[in-house]
1. Is the stretch B:174-308 best put as rounded, prolate or oblate by its Cα gyration tensor, with a ≥ b ≥ c the root eigenvalues, rounded for a/c under 1.5, and otherwise prolate when a/b is larger than b/c, oblate when not?
2. Using a 10 Å cut-off around each Cβ of peptide D:104-113, what is the average number of partner chain Cβ atoms that fall inside?
3. Go through D:Thr199, D:Ala225, D:Gly265 and say which Cα lies farthest out towards the positive end of the charge dipole of the stretch D:188-280; charges sit on Cβ, +1 for Lys and Arg, -1 for Asp and Glu.
4. Report, as an integer, the average count of C-beta atoms from other chains found within 10 Å of each Cβ along D:131-138.
5. DSSP beta bridges in the protein assembly as shown, what fraction antiparallel, as a percent rounded to 5?
6. Starting from the eigenvalues of the Cα gyration tensor, five times each then square-rooted, give me the equivalent ellipsoid semi-axes of the protein assembly as shown, largest first, whole Å.
7. Rounded to a whole number of µm²/s, how large is the Stokes-Einstein D of the stretch C:163-244 at 20 °C and 1.002 mPa s, given Rh as the Kirkwood radius over C-alpha pairs?
8. Of all alpha-carbon pairs in chain D, indicate the percentage at a distance above 25 angstrom.
There are 4 protein chains.
Amino acid sequence: MSLPEEFHEIAGRVNNWGRWGSDDEIGTLNLITDEVVQGAAACVRTGRRVPLGLPLQQDGVQTGMVPGRVNPLHTMVQINLETFGPGTVAWSDDAVTMGLQSATHWDALTHVSHSGRIYNGRPADTITPHGGAEFSGIDKARHIVTRGVLLDVPRALGLDRLTGDHAVTPDDLEAAEELAGTRVRSGDVVLVRTGQIRTYLAGDRHAYAYPSPGLSVRTPEWFHARDVAAVANDTLTFEIFPPEIENLWLPVHALNLVEMGMLQGQNWNLEELSTACGEEGRYSFLLSATPEPFVGATGTPVAPVAVL
Amino acid sequence: MSLPEEFHEIAGRVNNWGRWGSDDEIGTLNLITDEVVQGAAACVRTGRRVPLGLPLQQDGVQTGMVPGRVNPLHTMVQINLETFGPGTVAWSDDAVTMGLQSATHWDALTHVSHSGRIYNGRPADTITPHGGAEFSGIDKARHIVTRGVLLDVPRALGLDRLTGDHAVTPDDLEAAEELAGTRVRSGDVVLVRTGQIRTYLAGDRHAYAYPSPGLSVRTPEWFHARDVAAVANDTLTFEIFPPEIENLWLPVHALNLVEMGMLQGQNWNLEELSTACGEEGRYSFLLSATPEPFVGATGTPVAPVAVL
Amino acid sequence: MSLPEEFHEIAGRVNNWGRWGSDDEIGTLNLITDEVVQGAAACVRTGRRVPLGLPLQQDGVQTGMVPGRVNPLHTMVQINLETFGPGTVAWSDDAVTMGLQSATHWDALTHVSHSGRIYNGRPADTITPHGGAEFSGIDKARHIVTRGVLLDVPRALGLDRLTGDHAVTPDDLEAAEELAGTRVRSGDVVLVRTGQIRTYLAGDRHAYAYPSPGLSVRTPEWFHARDVAAVANDTLTFEIFPPEIENLWLPVHALNLVEMGMLQGQNWNLEELSTACGEEGRYSFLLSATPEPFVGATGTPVAPVAVL
Amino acid sequence: MSLPEEFHEIAGRVNNWGRWGSDDEIGTLNLITDEVVQGAAACVRTGRRVPLGLPLQQDGVQTGMVPGRVNPLHTMVQINLETFGPGTVAWSDDAVTMGLQSATHWDALTHVSHSGRIYNGRPADTITPHGGAEFSGIDKARHIVTRGVLLDVPRALGLDRLTGDHAVTPDDLEAAEELAGTRVRSGDVVLVRTGQIRTYLAGDRHAYAYPSPGLSVRTPEWFHARDVAAVANDTLTFEIFPPEIENLWLPVHALNLVEMGMLQGQNWNLEELSTACGEEGRYSFLLSATPEPFVGATGTPVAPVAVL
């Protein structure tokens, strides 16, 4: 089996290998310039803050469908321990075990590979058990603070949430962009709402996982044309699942991460943000979403915040 | 043994129990109002971003001195796995186990207790193995974006770094404040640099751990007077260790977390920020430092960023 | 709510507190004397060995029904790493995270408590986050090698496996004992087969979990009368689940572990042993089932072997 | 760099590839026949049992020298939780994270490779992150019950323990064999005592780790000649460390595991056994040391017991 010709055609159009030099490890994050950040700060008007991370807990979004991608197991190591004697100050400590892709997270550029290659044409086997990703580990993305734009697709379409067979297309994105009243531009992080996470929030993680609306294989070209820095959404799979094209699995992952060198975020809770943007009548804001710097990791939890 | 009278006197002066109602779980984070955040955004001039988190890795700051506070163990769960057949898109996944207080972190208000009480007078035994902290878990601190001020004590004193027996006093803080050219005010997060983390960065985690400069038991009153939202520094122990007053262990923790209800941050790398502030000639900035929302946790990793 | 009178009546009849002194932490394991072990060795005739542990893997018996009891997550830390240079000997290492009660395991005497007490009348709050069980942690059971007897209930009853509503009674045990052709005696470990684990082995862990046949609240008296050292079976819950008596949950656990001070084993795979015993025409053997000595743990994985 | 000619010469003499067929995954464990087990049972005279596993705890033997080989982190998940209401039976659960080679353990045959090969000539790259060792994972060693022989080298030499520069030679083994009063034979598991673990038991894990006495590169031929099933000892490194031959690292591992296909055990506590054997005047016994069956693992904790 190999990837179809159609995939390679799109890949050729969105490929950014070499664009920021052969040494580059962060791809489109290069587009977040100091000027972009100045513009992001200028988006802050009311100072209202909206967190976008799901609570980290055993009762998380993972169903067991992806082997080894375990929900956070939080345990107490000490509770009110009086190390220095009775009546002294007591302390508590905790520990956690979790899959780095299990909750609200960024995929590192190395989360997928195809044809033996990762972003910027490096060999995929530079990811090893000892040390993880030698190149483009998530720790290389040192900070992510930029302008965020919410593209609220179901609201633009007059829906509560998209159905499981809805592949979000460039037309959908442009409808939401029109609703947003701002044009997506270079260095933005785009948050694409589908509403799918409502099923998880309502208690049904299986319905959340599958089938799932998500980004169409047609969207990477749109993101490339707009030169966005990263894209996140409110689904488990990011792209529509099962896929649009038979036997072409994870094409959007491969186009975004490998070809374009653009980070993806999943399981972002955009419900409260949707409400806030609706109330404030604006859909752009300062977005702060710096990855936890796990060295060599191919993904990482993140606690994103929008500041309106 | 019990806590000395001197401790209780200071405690009485900094106590905030009930100040934001008997239901409050976040203490001085209440001081970060929308207006404060507007002011923080106005601090962004050049758009320069400085990350303050240490890399998360086995070779972290923990020495084994605190039992169970384990450095991050990052392992690969899958590497370039072609789930859907040979020649298809391949994916990688990772997992981690770590102590929540092991790296760059926030202490939750529940990280310490004294006399059987946590912040706002609640019983300490509301922290349990199942679920952790029922009140004031770190997940209750939904977002931390505000103005940050770097108080660069060694620079103000003309030193590379403070020695291990240096308790940072209010005088030190005011010397650094003068250097900073801004007055610390309500809702700020104060970053107190000691330079101690240089020993870890130079490869000696044992020297980093102990003895360590840190905040004096005299500082909580200063923070209380200024109504700061939180304080972080670049040490393992936050306060001077061993302590200033014989047999009074962790008094600053107890005053800040339990009495005042003010979050503390440890192991923040302030070296690059010190350089940047020196170069830019200003020491205030937008600080984004939202905790990873582990439910019921008494501490959490954080990936803070200063935006200048 | 409190435990019903009927429970307390049985408890009074099976209670072993003080029987081996007020310092005792191992209960009925005291019954495994040197002489018993000599007798166990004498049971070995053909030397045929049968392992009774399930494979330890993510795809284990846990369904997520018990929060935090996670299936083993096995990850590689290094693979073929040539630490000492290219062409030298390469090595691999792995790590695991798991619930100690998640797979084939022993419950320690401290796995349950009732009315604030654990075995031998100690307070239940001697189990703490720091260090776990101060008394009767699984590490106190230093070795378990004794005579094992398989009580193959479904075979004795002419069934493939017991149905989910079948509470195994003393009559069932005696029918199986008759089939076994040996009388259960002091110091034996009794393995009670229900056949329930076939559902897991056939791929359905949910059907395995619930509803489940298991031991009746009538059996602790029988075990007490025979002075057995421990009992294990091939179910997730050990006792019938849901329970026989409305609103009386886990009574068999409380009677065995707390009152009698007798270890219980769960998720033991007795299928191959059933076949072997049938072929050899004998149901007693040397059983080796020493717990992994996790200090202070309330349960532990075990890799039991029967030697016929 | 490549392995020296001397290594390859020994390798040729001890190689067992193909001896038990090209499909074999367990090597010398094939030597434990039913008859050997019958003989092992016949070794049981007094029924005295001696456990050989170290307590599993954070304060274990690992010093941090081997990255990622973490001591067991045991945490409580629940403590005395009354799931079914106040006054009902309460339960406790725990979890653990640990390196599989961190404590008393068996190395699987796949723990090392050389020249791209593992035991039986299979490619080393059959060990992958997903699933671990496809061949010769520790779970393939389904049971280990056989005759054990303690070769108490320091006692035979009139020493408390061997010094850190003592490479145990075939002459040493034969001196200890003479003391033991039994000839090591096919299917035995040999336990080689050095006394090194006394340094750990006395509180100094660094002295335990390095320098360490251990097996000489001359011993694999002796084990091969006697056709032993496996060898374990009371050191961290198994073989003498630093090595006898400059720049030849881990040669004993490579000869035993890869060439001979013979399991190795490390960190076995042989002190109590040494005392028992001395008291009883015999050094052979039934040894039960079945590995915890982690699927695809290259090592595993074990709780061995000698029955005299």
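The values are calculated or read from the model by the stated rules, or taken from the named source; none is laboratory data. Just so we're clear, the structure is a prediction, and the values are computed from it rather than from any experiment. Virtual Cβ from ideal backbone geometry, glycine too; neighbours counted across all protein chains shown. Ligands, DNA and RNA are stripped out before the accessible areas are found, and what is left, the full protein with its side chains, is counted by its heavy atoms. Shrake-Rupley method; radii C 1.70, N 1.55, O 1.52, S 1.80 Å.
1. rounded
2. Taking all residues of D:104-113 together, the mean is 3.
3. Ranked along the dipole, the leading option is D:Thr199.
4. Partner Cβ neighbours, averaged per residue: 3.
5. 65
6. Details: eigenvalues 532, 233, 210 Å².
Equivalent-ellipsoid dimensions as semi-axes: 52, 34, 32 Å.
7. 164
8. 48
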